[in-house]
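Taking it in order: structure first as structure tokens, then the write-up.
The values are calculated or read from the model by the stated rules, or taken from the named source; none is laboratory data. Source: prediction; values computed, not measured. Here the Cβ is made from the backbone with ideal geometry for all residues, glycine too, and neighbour counts use every protein chain on show. Note: accessible area is taken over every heavy atom of the protein model, side chains too, but ligands, DNA and RNA are not part of it. Shrake-Rupley method; radii C 1.70, N 1.55, O 1.52, S 1.80 Å.
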Amino acid sequence: MRERQASQGARRAREFEAFVAGAAGRLLHAATLLTAEDPDDNPRARRLLTLSLAHTYACWDRLRGEDPYDHARQCLAARFARGAWHQYGGLGRARPHPGSALGSLAPQERLIVVLRLYEGVAEEQAAALLGLPTERVRTICDRATATLLHPPRGPVPQVTKAEVAPS
């Protein structure tokens with residue numbers, strides 16, 4: 001009995017190691033996009049990934065027939081949303097991350113953009129994962145995409161009379 005449990009544990013560990021070897025890079029990139037950190041200096045993204053993979057490993061035996069990547073991605077998104085809620089007091093407010101292209105977006109916008117555009121998750125699935133109506137996910141994604149494509153301009157500099165040269 002003990003040998004059978006040991007062999008099952010070893011098989012489980014090998015399967016999970018193979019999954020991590022194949023999926024960790026993409027999941028780390030998604031976590032880095034979510035946290036809007038520099039790809040070379042991303043401790044929050046690495047912690048987020050580690051916690052998500054630990055949860056996935058804990059559920060590994062129950063994932064038979066399901067996609068473990070999908071489970072890890074859902075866990076990653078849920079942990080990010082929960083962390084943003086606690087850190088910023090809600091998914092709508094955030095401090096800016098100046099070094100990242102996605103840093104200008106609020107955490108909820110970042111989460112939806114990463115799920116929809118980077119991960120290719122359908123609107124219905126993203127809405128179910130976040131507990132939002134599909135139309136709301138579509139609106140947030142459209143607004144965030146518009147912000148990324150056409151960033152808001154800074155204030156127009158005021159020209160004073162002293163700066164205007166006489167003609």
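Quick rundown of the values:
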| item | result |
| --- | --- |
| Gain on full stretching of the segment that runs from ALA122 to ARG14 - 0.36 nm per residue minus C-alpha separation | 35.8 nm |
| Theoretical gain in end-to-end length, ALA101 to ALA21 [0.36 nm per residue, Cα-Cα removed] | 26.1 nm |
| Cα-projected label distance for TYR69 with ARG4, points at 7 Å along beta-carbon direction, nm | 3.4 |
| Area of TYR118 that stays accessible when all protein chains are in place (1.4 Å probe, Å², to 10) | 70 |
| Value of relative contact order over the range 1-54, rounded to a whole percent, pairs C-alpha under 8 Å and six or more apart | 24 |
| Fraction of alpha-carbon pairs over 12 Å apart in the range 42-83 - percent | 57 |
